[in-house]
1. Can you find a residue in the stretch 131-142 that is of a type outside the set (D, E, K, R), modelled with pLDDT of 95 or more and not in a strand (DSSP E or B)?
2. Go through (1) part of a strand (DSSP E or B); (2) more than 30 Å from Glu237 (Cα to Cα); (3) free of Cβ contacts under 8 Å to residues at least 60 places away in the same chain for Thr153 and report which single condition fails.
3. Return a yes/no flag: does the stretch 250-270 have any residue that is buried (at least 20 other Cβ atoms within 10 Å of the Cβ) and of a type in the set (Gly, Ala, Ser).
4. Working carefully through the options Ala309, Ala273, Ala343, find the one that is buried (at least 23 other Cβ atoms within 10 Å of the Cβ) and either more than 25 Å from Arg389 (Cβ to Cβ) or out of contact with any His (no Cβ under 6 Å at 6 or more places or on another chain) (or both).
5. Identify, by number, the condition in (1) of a type in the set (D, E, K, R); (2) touching a Leu at 6+ places or on another chain (Cβ under 8 Å); (3) buried (at least 20 other Cβ atoms within 10 Å of the Cβ) that Arg287 doesn't meet.
6. I'd like to verify a number: residues in the stretch 15-34 that are farther than 15 Å from Leu59 by Cβ and crowded, with 20+ Cβ neighbours inside 10 Å, how many?
7. Looking only at strands (runs of 3 or more DSSP E) that lie completely in the stretch 1-98, which have at least 3 residues being touching a helix residue (DSSP H, G or I) at 6+ places or on another chain (Cβ under 6 Å) and either of a type in the set (A, V, I, L, M) or over 15 Å from His112 (Cβ atoms) (or both)?
8. Please go through the stretch 129-142 and pick out each residue that is within 30 Å of Ser239 (Cβ to Cβ) and either hydrophobic (A, V, I, L, M, F, W, C) or in contact (Cβ under 8 Å) with a residue 40 or more places away in the chain (or both).
Amino acid sequence: MSTPQHMIVIGGGIGGMAAAQALAKLGVRITLLEQAAQIGEIGAGIQLGPNAFAALDALGVGENARRRAVFTDELIMMDAVDASVVGRFAVGEAFRQRFGNPYAVIHRADIHTSILEGVQASDLIEFHTSTRIEKIEQDGQRVTVTDQNGKTTTADAVIAADGVRSVARQTYFGDAPRVSGHVVYRAVVPAADMPQDLRVNAPVVWAGPNCHLVHYPLRGSTEYNLVVTFHSRDQEEWSVTDGSKEEVLSYFQGIHARPRQLLECPKSWRRWATADRNPIPQWTHGRVTLLGDAAHAMLQYLAQGACMAIEDAVTLGEAMKACDMDIEKAFQLYEESRIPRAARVVLSAREMGRLYHAQGVERAVRNQLWEGRTSERFYDALEWLYGWRAENALARPRQADALIVPA
(Lines give C-alpha, C1' and ligand atoms only; values in the text may rest on other atoms or scores of the structure.)
Protein backbone atom coordinates (compact mmCIF):
# COMPACT_ATOMS: atom_id res chain seq x y z
CA MET A 1 0.00 0.00 0.00
CA SER A 2 1.36 3.37 -1.03
CA THR A 3 0.20 6.76 0.19
CA PRO A 4 -1.86 8.57 -2.48
CA GLN A 5 0.06 11.39 -4.09
CA HIS A 6 -2.67 12.83 -6.30
CA MET A 7 -6.49 12.77 -6.20
CA ILE A 8 -9.11 14.32 -8.47
CA VAL A 9 -12.19 16.10 -7.14
CA ILE A 10 -14.97 16.54 -9.69
CA GLY A 11 -17.12 19.56 -8.88
CA GLY A 12 -16.13 22.95 -7.55
CA GLY A 13 -19.20 23.62 -5.46
CA ILE A 14 -19.36 23.69 -1.67
CA GLY A 15 -18.86 19.94 -1.24
CA GLY A 16 -16.13 19.60 -3.83
CA MET A 17 -14.10 22.49 -2.48
CA ALA A 18 -14.52 21.22 1.07
CA ALA A 19 -13.27 17.78 -0.03
CA ALA A 20 -10.28 19.32 -1.76
CA GLN A 21 -9.45 21.27 1.38
CA ALA A 22 -9.82 18.24 3.67
CA LEU A 23 -7.55 16.06 1.52
CA ALA A 24 -4.95 18.76 0.86
CA LYS A 25 -4.59 19.19 4.64
CA LEU A 26 -3.35 15.58 4.63
CA GLY A 27 -0.64 16.39 2.09
CA VAL A 28 -2.41 15.02 -0.99
CA ARG A 29 -2.10 16.95 -4.26
CA ILE A 30 -5.57 17.77 -5.60
CA THR A 31 -6.82 18.53 -9.10
CA LEU A 32 -10.22 20.21 -8.70
CA LEU A 33 -12.35 20.21 -11.87
CA GLU A 34 -15.40 22.45 -12.26
CA GLN A 35 -17.64 22.56 -15.33
CA ALA A 36 -18.71 26.20 -14.96
CA ALA A 37 -16.64 28.88 -16.68
CA GLN A 38 -16.24 30.89 -13.48
CA ILE A 39 -15.79 29.93 -9.84
CA GLY A 40 -18.94 30.77 -7.93
CA GLU A 41 -22.39 29.75 -6.76
CA ILE A 42 -25.88 30.52 -7.96
CA GLY A 43 -28.73 30.64 -5.49
CA ALA A 44 -29.53 32.80 -2.54
CA GLY A 45 -29.34 32.13 1.18
CA ILE A 46 -28.70 28.91 3.05
CA GLN A 47 -28.91 27.99 6.71
CA LEU A 48 -25.96 26.67 8.70
CA GLY A 49 -26.61 24.49 11.71
CA PRO A 50 -23.96 23.98 14.42
CA ASN A 51 -22.88 20.76 12.69
CA ALA A 52 -21.87 22.83 9.65
CA PHE A 53 -19.74 25.16 11.78
CA ALA A 54 -18.06 22.15 13.41
CA ALA A 55 -17.18 20.87 9.94
CA LEU A 56 -16.01 24.28 8.71
CA ASP A 57 -13.80 24.63 11.76
CA ALA A 58 -12.25 21.24 11.04
CA LEU A 59 -11.39 22.51 7.55
CA GLY A 60 -9.85 25.67 8.98
CA VAL A 61 -12.38 28.04 7.38
CA GLY A 62 -14.93 28.44 10.15
CA GLU A 63 -13.93 32.00 10.97
CA ASN A 64 -14.20 32.94 7.30
CA ALA A 65 -17.86 31.88 7.36
CA ARG A 66 -18.58 33.49 10.73
CA ARG A 67 -17.46 36.87 9.40
CA ARG A 68 -20.09 36.69 6.67
CA ALA A 69 -22.95 34.98 8.51
CA VAL A 70 -25.97 36.41 10.32
CA PHE A 71 -26.45 34.69 13.69
CA THR A 72 -30.15 34.24 14.34
CA ASP A 73 -32.09 34.53 17.59
CA GLU A 74 -34.86 32.01 16.93
CA LEU A 75 -36.34 29.47 14.55
CA ILE A 76 -40.02 30.24 13.94
CA MET A 77 -42.85 28.32 12.28
CA MET A 78 -46.08 30.14 11.46
CA ASP A 79 -49.37 28.85 10.07
CA ALA A 80 -49.75 30.51 6.69
CA VAL A 81 -53.54 30.10 6.69
CA ASP A 82 -54.38 32.01 9.86
CA ALA A 83 -51.00 33.62 10.73
CA SER A 84 -50.88 31.90 14.12
CA VAL A 85 -47.61 30.82 15.73
CA VAL A 86 -47.00 27.06 15.44
CA GLY A 87 -43.69 27.02 17.27
CA ARG A 88 -40.68 29.18 18.07
CA PHE A 89 -37.39 28.03 19.50
CA ALA A 90 -34.48 30.09 20.79
CA VAL A 91 -31.08 29.48 19.17
CA GLY A 92 -29.13 31.89 21.31
CA GLU A 93 -26.72 31.19 24.15
CA ALA A 94 -28.46 28.07 25.49
CA PHE A 95 -28.45 26.57 22.00
CA ARG A 96 -24.76 27.37 21.56
CA GLN A 97 -23.93 25.85 24.92
CA ARG A 98 -25.83 22.68 24.00
CA PHE A 99 -24.30 22.17 20.55
CA GLY A 100 -21.03 24.08 20.81
CA ASN A 101 -21.80 26.32 17.83
CA PRO A 102 -24.41 28.84 16.64
CA TYR A 103 -27.27 28.71 14.17
CA ALA A 104 -26.74 31.12 11.29
CA VAL A 105 -27.85 32.11 7.82
CA ILE A 106 -25.55 33.14 5.00
CA HIS A 107 -25.64 33.91 1.30
CA ARG A 108 -24.67 30.83 -0.69
CA ALA A 109 -21.99 32.80 -2.54
CA ASP A 110 -20.51 33.86 0.81
CA ILE A 111 -20.15 30.33 2.20
CA HIS A 112 -18.67 29.27 -1.14
CA THR A 113 -16.18 32.13 -0.92
CA SER A 114 -15.34 31.22 2.68
CA ILE A 115 -14.24 27.74 1.62
CA LEU A 116 -12.63 29.00 -1.60
CA GLU A 117 -10.31 31.19 0.45
CA GLY A 118 -8.97 28.06 2.12
CA VAL A 119 -8.59 26.31 -1.24
CA GLN A 120 -6.72 29.27 -2.75
CA ALA A 121 -4.35 29.37 0.21
CA SER A 122 -3.23 25.78 -0.42
CA ASP A 123 -0.24 25.05 -2.63
CA LEU A 124 -1.57 21.52 -3.18
CA ILE A 125 -4.87 22.37 -4.91
CA GLU A 126 -5.01 23.14 -8.63
CA PHE A 127 -8.44 24.48 -9.67
CA HIS A 128 -9.63 24.18 -13.31
CA THR A 129 -12.89 25.68 -14.60
CA SER A 130 -14.74 25.02 -17.91
CA THR A 131 -14.03 21.30 -17.42
CA ARG A 132 -17.02 18.99 -17.74
CA ILE A 133 -16.14 15.37 -17.04
CA GLU A 134 -17.87 12.95 -19.41
CA LYS A 135 -16.08 9.64 -18.75
CA ILE A 136 -14.42 7.89 -15.82
CA GLU A 137 -12.23 4.79 -16.17
CA GLN A 138 -10.10 2.89 -13.67
CA ASP A 139 -7.75 -0.10 -13.67
CA GLY A 140 -7.53 -0.97 -9.98
CA GLN A 141 -4.59 1.29 -9.25
CA ARG A 142 -5.34 4.54 -11.08
CA VAL A 143 -8.40 6.47 -12.26
CA THR A 144 -8.61 8.49 -15.48
CA VAL A 145 -11.24 11.12 -16.22
CA THR A 146 -11.96 12.55 -19.67
CA ASP A 147 -13.47 16.00 -20.20
CA GLN A 148 -15.65 17.41 -22.98
CA ASN A 149 -12.58 18.23 -25.08
CA GLY A 150 -11.09 14.76 -24.82
CA LYS A 151 -8.42 15.83 -22.35
CA THR A 152 -7.57 13.16 -19.76
CA THR A 153 -6.36 13.46 -16.17
CA THR A 154 -5.13 10.48 -14.17
CA ALA A 155 -4.78 10.17 -10.40
CA ASP A 156 -4.81 7.69 -7.54
CA ALA A 157 -8.52 8.22 -6.81
CA VAL A 158 -11.55 10.37 -7.67
CA ILE A 159 -14.00 12.14 -5.37
CA ALA A 160 -17.17 12.82 -7.35
CA ALA A 161 -18.90 15.89 -5.96
CA ASP A 162 -20.61 16.56 -9.27
CA GLY A 163 -24.15 17.17 -8.09
CA VAL A 164 -27.61 15.76 -8.73
CA ARG A 165 -26.71 14.71 -12.28
CA SER A 166 -23.45 13.07 -11.27
CA VAL A 167 -21.54 11.37 -14.07
CA ALA A 168 -19.89 9.07 -11.54
CA ARG A 169 -23.21 8.01 -10.02
CA GLN A 170 -24.66 7.34 -13.44
CA THR A 171 -21.54 5.42 -14.52
CA TYR A 172 -21.33 3.11 -11.51
CA PHE A 173 -24.84 2.95 -10.04
CA GLY A 174 -27.18 3.96 -12.85
CA ASP A 175 -30.15 5.19 -10.82
CA ALA A 176 -32.03 8.34 -11.73
CA PRO A 177 -32.78 11.37 -9.55
CA ARG A 178 -36.24 11.33 -7.95
CA VAL A 179 -38.11 14.41 -9.21
CA SER A 180 -40.23 15.59 -6.29
CA GLY A 181 -42.86 17.68 -8.08
CA HIS A 182 -42.05 20.47 -5.60
CA VAL A 183 -41.00 23.76 -7.15
CA VAL A 184 -38.87 26.28 -5.25
CA TYR A 185 -38.70 29.98 -6.09
CA ARG A 186 -35.81 31.95 -4.57
CA ALA A 187 -35.04 35.66 -4.45
CA VAL A 188 -32.96 38.12 -2.45
CA VAL A 189 -34.60 41.47 -1.70
CA PRO A 190 -33.23 44.64 -0.08
CA ALA A 191 -34.26 45.02 3.56
CA ALA A 192 -36.05 48.28 2.65
CA ASP A 193 -38.40 46.28 0.39
CA MET A 194 -39.39 43.85 3.15
CA PRO A 195 -42.54 44.50 5.19
CA GLN A 196 -41.48 46.17 8.44
CA ASP A 197 -43.19 43.60 10.69
CA LEU A 198 -41.42 40.70 8.95
CA ARG A 199 -37.87 42.04 9.36
CA VAL A 200 -37.00 39.59 12.13
CA ASN A 201 -33.65 38.02 12.96
CA ALA A 202 -34.79 34.46 12.41
CA PRO A 203 -35.58 31.96 9.69
CA VAL A 204 -39.38 32.12 9.55
CA VAL A 205 -41.38 29.34 7.91
CA TRP A 206 -44.98 30.05 6.91
CA ALA A 207 -46.46 26.55 6.50
CA GLY A 208 -49.46 26.29 4.18
CA PRO A 209 -51.47 23.68 2.29
CA ASN A 210 -49.15 22.19 -0.37
CA CYS A 211 -46.94 25.26 -0.09
CA HIS A 212 -44.78 27.31 2.26
CA LEU A 213 -42.76 30.52 2.45
CA VAL A 214 -39.44 31.17 4.21
CA HIS A 215 -37.60 34.42 4.91
CA TYR A 216 -34.49 35.41 6.85
CA PRO A 217 -31.84 38.16 6.83
CA LEU A 218 -28.52 38.10 4.96
CA ARG A 219 -25.35 40.20 4.80
CA GLY A 220 -25.67 42.16 8.01
CA SER A 221 -29.47 42.24 7.63
CA THR A 222 -29.16 44.53 4.61
CA GLU A 223 -30.93 41.90 2.48
CA TYR A 224 -33.54 39.22 3.02
CA ASN A 225 -33.65 35.79 1.51
CA LEU A 226 -37.10 34.79 0.32
CA VAL A 227 -38.01 31.22 -0.63
CA VAL A 228 -41.42 29.93 -1.66
CA THR A 229 -42.25 26.31 -2.40
CA PHE A 230 -45.35 24.70 -3.90
CA HIS A 231 -46.51 21.40 -5.32
CA SER A 232 -46.54 21.85 -9.07
CA ARG A 233 -49.67 21.07 -11.04
CA ASP A 234 -47.46 20.13 -14.00
CA GLN A 235 -45.08 17.27 -14.72
CA GLU A 236 -41.68 18.63 -13.70
CA GLU A 237 -38.11 17.79 -14.61
CA TRP A 238 -35.13 18.79 -12.48
CA SER A 239 -34.13 22.24 -13.71
CA VAL A 240 -33.12 25.79 -12.78
CA THR A 241 -34.75 28.59 -14.79
CA ASP A 242 -36.05 32.12 -14.43
CA GLY A 243 -39.32 32.32 -12.55
CA SER A 244 -42.69 33.92 -13.18
CA LYS A 245 -44.45 36.09 -10.61
CA GLU A 246 -47.77 35.06 -12.11
CA GLU A 247 -47.01 31.38 -11.51
CA VAL A 248 -46.07 32.02 -7.88
CA LEU A 249 -49.23 34.00 -7.18
CA SER A 250 -51.41 31.29 -8.70
CA TYR A 251 -50.26 28.76 -6.10
CA PHE A 252 -50.79 30.88 -2.98
CA GLN A 253 -54.54 31.41 -2.94
CA GLY A 254 -56.12 31.04 0.50
CA ILE A 255 -52.95 32.22 2.26
CA HIS A 256 -53.19 34.90 4.95
CA ALA A 257 -52.45 38.43 3.76
CA ARG A 258 -49.47 38.80 6.13
CA PRO A 259 -47.27 36.16 4.45
CA ARG A 260 -48.84 36.61 1.03
CA GLN A 261 -47.53 40.19 0.83
CA LEU A 262 -44.03 38.71 0.56
CA LEU A 263 -44.81 37.54 -2.95
CA GLU A 264 -44.88 41.15 -4.12
CA CYS A 265 -41.38 41.95 -2.83
CA PRO A 266 -38.97 40.42 -5.40
CA LYS A 267 -38.34 42.09 -8.71
CA SER A 268 -37.17 38.76 -10.18
CA TRP A 269 -37.16 35.09 -9.18
CA ARG A 270 -35.13 31.96 -9.90
CA ARG A 271 -37.11 28.72 -10.23
CA TRP A 272 -35.90 25.28 -9.14
CA ALA A 273 -37.85 22.13 -9.99
CA THR A 274 -36.40 20.01 -7.21
CA ALA A 275 -35.18 16.44 -7.01
CA ASP A 276 -33.57 14.23 -4.43
CA ARG A 277 -32.00 10.76 -4.49
CA ASN A 278 -33.25 7.54 -2.98
CA PRO A 279 -30.62 6.31 -0.52
CA ILE A 280 -28.33 3.58 -1.85
CA PRO A 281 -26.17 1.17 0.20
CA GLN A 282 -22.93 1.94 -1.64
CA TRP A 283 -21.19 5.14 -2.75
CA THR A 284 -17.85 3.69 -3.81
CA HIS A 285 -16.74 1.75 -6.85
CA GLY A 286 -13.07 0.87 -6.70
CA ARG A 287 -11.17 4.12 -6.35
CA VAL A 288 -14.12 6.42 -7.06
CA THR A 289 -16.46 7.60 -4.31
CA LEU A 290 -19.39 10.01 -4.18
CA LEU A 291 -19.81 13.11 -2.03
CA GLY A 292 -22.50 15.74 -1.47
CA ASP A 293 -25.51 15.81 -3.80
CA ALA A 294 -23.97 13.10 -5.98
CA ALA A 295 -24.26 10.78 -2.98
CA HIS A 296 -27.38 12.04 -1.21
CA ALA A 297 -29.23 14.87 -2.95
CA MET A 298 -32.00 15.93 -0.59
CA LEU A 299 -34.99 18.23 -0.45
CA GLN A 300 -34.53 21.55 1.33
CA TYR A 301 -36.91 21.02 4.26
CA LEU A 302 -34.22 20.42 6.90
CA ALA A 303 -31.85 23.05 5.47
CA GLN A 304 -29.04 20.48 5.52
CA GLY A 305 -27.88 19.97 1.91
CA ALA A 306 -24.71 22.08 2.15
CA CYS A 307 -24.16 21.07 5.79
CA MET A 308 -24.12 17.37 4.84
CA ALA A 309 -21.69 17.96 1.97
CA ILE A 310 -19.22 19.71 4.28
CA GLU A 311 -19.63 16.92 6.84
CA ASP A 312 -18.88 14.41 4.07
CA ALA A 313 -15.62 16.16 3.24
CA VAL A 314 -14.41 16.23 6.84
CA THR A 315 -15.41 12.60 7.39
CA LEU A 316 -13.54 11.54 4.27
CA GLY A 317 -10.43 13.25 5.58
CA GLU A 318 -10.85 11.61 8.98
CA ALA A 319 -11.26 8.20 7.31
CA MET A 320 -8.08 8.69 5.31
CA LYS A 321 -6.18 9.48 8.51
CA ALA A 322 -7.71 6.56 10.42
CA CYS A 323 -6.77 4.14 7.63
CA ASP A 324 -3.20 5.44 7.24
CA MET A 325 -4.07 6.81 3.80
CA ASP A 326 -5.14 3.43 2.40
CA ILE A 327 -7.66 4.57 -0.21
CA GLU A 328 -9.81 1.46 -0.41
CA LYS A 329 -10.06 1.02 3.35
CA ALA A 330 -10.68 4.73 3.85
CA PHE A 331 -13.47 4.82 1.26
CA GLN A 332 -15.12 1.85 2.97
CA LEU A 333 -14.94 3.51 6.38
CA TYR A 334 -16.24 6.77 4.89
CA GLU A 335 -19.25 4.92 3.47
CA GLU A 336 -19.99 3.11 6.73
CA SER A 337 -19.88 6.40 8.61
CA ARG A 338 -21.86 8.54 6.18
CA ILE A 339 -24.47 6.44 4.39
CA PRO A 340 -26.83 5.81 7.36
CA ARG A 341 -26.62 9.40 8.55
CA ALA A 342 -27.12 10.94 5.12
CA ALA A 343 -30.01 8.57 4.37
CA ARG A 344 -31.68 9.57 7.61
CA VAL A 345 -31.46 13.24 6.65
CA VAL A 346 -32.82 12.54 3.14
CA LEU A 347 -35.82 10.66 4.55
CA SER A 348 -36.39 13.12 7.40
CA ALA A 349 -36.39 16.01 4.93
CA ARG A 350 -39.14 14.31 2.94
CA GLU A 351 -41.20 13.87 6.10
CA MET A 352 -40.64 17.47 7.15
CA GLY A 353 -41.88 18.58 3.73
CA ARG A 354 -45.09 16.69 4.37
CA LEU A 355 -45.52 18.51 7.70
CA TYR A 356 -44.81 21.92 6.20
CA HIS A 357 -47.45 21.35 3.53
CA ALA A 358 -50.14 19.67 5.65
CA GLN A 359 -53.77 20.56 5.15
CA GLY A 360 -57.09 19.64 6.75
CA VAL A 361 -56.76 17.32 9.74
CA GLU A 362 -53.04 16.83 9.10
CA ARG A 363 -52.57 20.58 9.54
CA ALA A 364 -54.22 20.41 12.97
CA VAL A 365 -52.03 17.44 13.92
CA ARG A 366 -48.91 19.29 12.79
CA ASN A 367 -49.77 22.37 14.82
CA GLN A 368 -50.37 20.28 17.92
CA LEU A 369 -46.99 18.56 17.55
CA TRP A 370 -45.25 21.81 18.44
CA GLU A 371 -47.85 23.25 20.82
CA GLY A 372 -46.25 23.99 24.18
CA ARG A 373 -42.92 22.46 23.23
CA THR A 374 -39.97 23.98 25.05
CA SER A 375 -36.68 24.86 23.43
CA GLU A 376 -35.03 22.09 25.46
CA ARG A 377 -37.32 19.46 23.94
CA PHE A 378 -36.53 20.89 20.54
CA TYR A 379 -32.81 20.58 21.27
CA ASP A 380 -33.27 16.98 22.39
CA ALA A 381 -35.04 16.12 19.13
CA LEU A 382 -32.18 17.66 17.15
CA GLU A 383 -29.26 16.15 19.05
CA TRP A 384 -28.75 13.45 16.42
CA LEU A 385 -28.43 16.10 13.71
CA TYR A 386 -26.71 19.06 15.35
CA GLY A 387 -24.49 17.08 17.72
CA TRP A 388 -22.08 16.04 14.94
CA ARG A 389 -18.38 16.78 15.48
CA ALA A 390 -15.24 15.99 13.51
CA GLU A 391 -14.01 13.90 16.43
CA ASN A 392 -17.10 11.68 16.26
CA ALA A 393 -17.40 11.71 12.47
CA LEU A 394 -16.38 8.05 12.19
CA ALA A 395 -18.70 6.87 14.95
CA ARG A 396 -21.63 4.66 14.06
CA PRO A 397 -24.45 5.79 16.40
CA ARG A 398 -26.75 3.03 17.54
CA GLN A 399 -29.27 4.96 19.64
CA ALA A 400 -32.83 4.69 18.38
CA ASP A 401 -33.58 8.41 18.23
CA ALA A 402 -36.89 9.47 16.78
CA LEU A 403 -37.07 11.50 13.60
CA ILE A 404 -36.99 15.21 14.09
CA VAL A 405 -40.80 15.50 14.07
CA PRO A 406 -42.18 14.05 17.34
CA ALA A 407 -40.38 14.31 20.65
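The values are calculated or read from the model by the stated rules, or taken from the named source; none is laboratory data. Small disclaimer: the values here were computed from a predicted structure and weren't measured. Quick reminder, even Gly has a Cβ in these numbers, built from the backbone with ideal geometry, and neighbours come from all protein chains shown.
1. Yes, because at least one residue in the stretch 131-142 is of a type outside the set (D, E, K, R), modelled with pLDDT of 95 or more and not in a strand (DSSP E or B).
2. With (1) part of a strand (DSSP E or B); (2) more than 30 Å from Glu237 (Cα to Cα); (3) free of Cβ contacts under 8 Å to residues at least 60 places away in the same chain applied to Thr153, the lone miss is (3).
3. Checked the stretch 250-270: no residue is buried (at least 20 other Cβ atoms within 10 Å of the Cβ) and of a type in the set (Gly, Ala, Ser).
4. Being buried (at least 23 other Cβ atoms within 10 Å of the Cβ) and either more than 25 Å from Arg389 (Cβ to Cβ) or out of contact with any His (no Cβ under 6 Å at 6 or more places or on another chain) (or both) holds for just one of Ala309, Ala273, Ala343, which is Ala309.
5. Only one criterion in (1) of a type in the set (D, E, K, R); (2) touching a Leu at 6+ places or on another chain (Cβ under 8 Å); (3) buried (at least 20 other Cβ atoms within 10 Å of the Cβ) is unmet by Arg287, namely (2).
6. Qualifying residue count for the region: 3.
7. Once the strands (runs of 3 or more DSSP E) in the stretch 1-98 are filtered for at least 3 residues that are touching a helix residue (DSSP H, G or I) at 6+ places or on another chain (Cβ under 6 Å) and either of a type in the set (A, V, I, L, M) or over 15 Å from His112 (Cβ atoms) (or both), what remains is 85-90.
8. If the condition is that a residue be within 30 Å of Ser239 (Cβ to Cβ) and either hydrophobic (A, V, I, L, M, F, W, C) or in contact (Cβ under 8 Å) with a residue 40 or more places away in the chain (or both), then Thr129, Ser130, Thr131, Arg132, Ile133, Ile136 are the ones that fit.
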